[in-house]
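Dropping a structure here in structure tokens format, bear with me for questions.
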Amino acid sequence: MILKGFNELRVFLETPKNIVIIGHRNPDGDAVGSTLALRHYLDKKGHTATVVMPNDYPDFLHWLPGSDTTYRFDWQNNQSQKAIQKSDIIFLLDFNTLHRVGSDMQNTLEKYPNDFVMIDHHQQPDDMKYMYSDVSICSTSQMVYQFIEMNSDLSLIDKDIATCLYTGIMTDTGSFRFRSTTSLTHRIIADLIDKGAQNDRIHSNVYDANSYNRLLLLGQALSNLQILPEYNTAFITLTDEEKKRFDFQKGDTEGVVNYALSLKGIIFAAIFIEDKEQNIIKISFRSKGTFSVNKFARNHFNGGGHDNASGGRSELSMEETIANFSSLLQNYKTELETSCEI
Ligand code: 5GP
Ligand code: MN
């Protein structure tokens, strides 16, 4: 755990400030939940806080309180740049290195004259003036709760803040089932329910929002699933043509990789998704036990993340990417065989 400069930060925040809060590119539930929750909290403390996301997020997160007044850097560039220029400090939430916001926004942030505060749970964070980094915590949203607690402000958590934090914790823990979900996580979740988070409504807003095409795309993904039993590995592919056929929308492939991981005996799963716009194959990795997909993504696919959930990219074709992936597995055979041994 790294906690750096937070006493100084507390003094800095004693007078009202203009604050910008940023999540990573292609924001997920934790990025959106943690940034919006922090914004509501800082507003309540008398600051003027604005959330600027690098780009848009899936429809199933648009209902979150405050979502309608966030900026997307890519298509609301003027407003976003103005908010950044006007700000006294920027909070970076749910990412560990500036390039995770994408190159355009990264260029802007690299010229930013004031300080950054990073609150994040990914491994190997960049050094910032103010930092709260803890890779053992399940979600940035739980860290925002703990940040509010550090300031002795838990009584300021209202229904909106509770709803945003609940959503972030829920989505980053696979609905409270991953190893990172601790008894403390459950205690925090209980407190958020007491403070107004409607758990049934949040689950159904996020998970029962499928379109017919999304289910058909899932069907296609499952029929593309391949198993490599000698490596306890399964993977899924989706081509651009398949995405178009089922009217792919942002967020439609979220969670699909978990179907590969749900197979009995599988401890390493991947999904390879062709992105013709960026001309890359975007990859998500998931694992069970000690096999670190963070290291795997870092070493071979220009990515990173957590020990059991990471992502990366390939600039080769789909066929070449799969061939490369399959051949790499030989080097990990022992690790893949022993990952789930206690
Ligand atoms: P997902 O597969 O859900 O997109 O991402 C899983 C985890 O890996 C998330 O914590 C995410 O932040 C991280 N991740 C995904 N893609 C990348 C990437 O390209 N680079 C890095 N460093 N982390 C990634
Ligand atoms: Mn997260």
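The values are calculated or read from the model by the stated rules, or taken from the named source; none is laboratory data. Worth saying up front: this structure is predicted, and the values here are computed from it rather than measured. All Cβ positions, glycine included, derive from the backbone under ideal geometry; neighbour counts span all protein chains shown. Heavy atoms of the whole protein, side chains included, go into the accessibility calculation; ligands, DNA and RNA do not. Shrake-Rupley method; radii C 1.70, N 1.55, O 1.52, S 1.80 Å.
Please tell me if Gly219 is farther than 27 Å from Val293 by Cβ, more than 23 Å from the chain's Cα centre (by Cα) and small (Gly, Ala, Ser).
On the way: farther than 27 Å from Val293 by Cβ: no; more than 23 Å from the chain's Cα centre (by Cα): yes; small (Gly, Ala, Ser): yes.
Criteria not met by Gly219.
Name the pairs whose Cβ atoms lie under 9 Å apart, with the first residue in region 316-342 and within 14 Å of Leu228 (Cβ to Cβ) and modelled with pLDDT under 95, the second open to solvent by less than 60 Å² (accessible area, probe 1.4 Å) and not in a loop (DSSP other than H, G, I, E, B), and 6 or more positions between them or separate chains?
Final answer for the pair search is Glu337/Tyr231.
Next question, about the same structure. Suppose we filter region 188-227 for residues that are outside any helix (DSSP H, G or I) and either free of Cβ contacts under 8 Å to residues at least 24 places away in the same chain or surrounded by 14 or more Cβ atoms within 10 Å (Cβ to Cβ) (or both); how many remain?
11
Right, here's the next one. Select from region 265-318 the residues that are surrounded by fewer than 20 Cβ atoms within 10 Å (Cβ to Cβ), under 26 Å from Gln249 (Cα atoms) and within 18 Å of the chain's Cα centre (by Cα) and list them in ascending order.
Lys282, Asn302, Arg313
Looking at region 261-270, is at least one residue within 12 Å of ligand 1 (Cβ to nearest atom) and part of a strand (DSSP E or B)?
yes
For Tyr166, indicate whether it is away from ligand 2 (no atom under 13 Å from the Cβ), open to solvent by less than 60 Å² (accessible area, probe 1.4 Å) and in contact with a Leu (Cβ under 7 Å, 6 or more places away or on another chain).
yes
Kindly indicate the residue of region 1-53 that is among the basic types (Lys, Arg) and more than 16 Å from ligand 1 (Cβ to nearest atom) and also surrounded by the most Cβ atoms within 10 Å (Cβ to Cβ) among those meeting that condition.
Among residues in region 1-53 that are among the basic types (Lys, Arg) and more than 16 Å from ligand 1 (Cβ to nearest atom), the one surrounded by the most Cβ atoms within 10 Å (Cβ to Cβ) is Arg39.
Return the pairs, sorted by first residue and then second, in which the second residue is not charged (D, E, K, R), the first residue lies in region 33-48 and is outside any helix (DSSP H, G or I), the beta carbons are less than 6 Å apart, and the residues are 6+ apart or on different chains.
Once the first residue is outside any helix (DSSP H, G or I) and sits in region 33-48, its partners that are not charged (D, E, K, R) give Gly46/Pro16; His47/Pro16; His47/Ile19; Thr48/Asn18.
Do we find a residue being among the aliphatic types (A, V, I, L, M), within 19 Å of Tyr41 (Cβ to Cβ), modelled with pLDDT of 95 or more and away from ligand 1 (no atom under 16 Å from the Cβ) anywhere in region 166-175?
Among the residues of region 166-175, not one is among the aliphatic types (A, V, I, L, M), within 19 Å of Tyr41 (Cβ to Cβ), modelled with pLDDT of 95 or more and away from ligand 1 (no atom under 16 Å from the Cβ), which makes the answer no.
Okay, moving on. For region 1-32, name all the residues that are over 17 Å from Asp68 (Cβ atoms) and in a loop (DSSP other than H, G, I, E, B).
Met1, Gly5, Leu13, Glu14, Thr15, Pro16, Lys17, His24, Arg25, Asn26, Asp28 - these are the residues of region 1-32 that are over 17 Å from Asp68 (Cβ atoms) and in a loop (DSSP other than H, G, I, E, B).
Could we say that Glu230 is assigned to a loop (DSSP other than H, G, I, E, B), among the acidic types (Asp, Glu), open to solvent by 70 Å² or more (accessible area, probe 1.4 Å) and closer than 25 Å to Asn308 by Cβ here? Break it down stepwise before answering.
Details: assigned to a loop (DSSP other than H, G, I, E, B): no; among the acidic types (Asp, Glu): yes; open to solvent by 70 Å² or more (accessible area, probe 1.4 Å): yes; closer than 25 Å to Asn308 by Cβ: yes.
When the stated conditions are applied, Glu230 does not pass them.
If I go through region 233-263 residue by residue, how many of them are among the aromatic types (Phe, Trp, Tyr) and buried (at least 19 other Cβ atoms within 10 Å of the Cβ)?
So the answer is 2.
Condition check ((1) among the basic types (Lys, Arg); (2) farther than 24 Å from Gly311 by Cα) across all residues:
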| site | (1), (2) |
| --- | --- |
| Gly102 | no, no |
| His121 | no, no |
| Met128 | no, no |
| Tyr132 | no, no |
| Val135 | no, no |
| Ser139 | no, no |
| Ser155 | no, yes |
| Lys159 | yes, yes |
| Thr171 | no, no |
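So which residues in region 280-292 are out of contact with any Asp or Glu (no Cβ under 7 Å at 6 or more places or on another chain) and either within 11 Å of ligand 1 (Cβ to nearest atom) or not in a strand (DSSP E or B) (or both)?
Those that are out of contact with any Asp or Glu (no Cβ under 7 Å at 6 or more places or on another chain) and either within 11 Å of ligand 1 (Cβ to nearest atom) or not in a strand (DSSP E or B) (or both): Ile283, Ser284, Phe285, Arg286, Lys288, Gly289, Thr290.
Taking the conditions exactly as written (touching a strand residue (DSSP E or B) at 6+ places or on another chain (Cβ under 9 Å) and surrounded by fewer than 24 Cβ atoms within 10 Å (Cβ to Cβ)), does Asp127 satisfy them or not?
Details: touching a strand residue (DSSP E or B) at 6+ places or on another chain (Cβ under 9 Å): yes; surrounded by fewer than 24 Cβ atoms within 10 Å (Cβ to Cβ): yes.
Against the criterion (touching a strand residue (DSSP E or B) at 6+ places or on another chain (Cβ under 9 Å) and surrounded by fewer than 24 Cβ atoms within 10 Å (Cβ to Cβ)), Asp127 qualifies.
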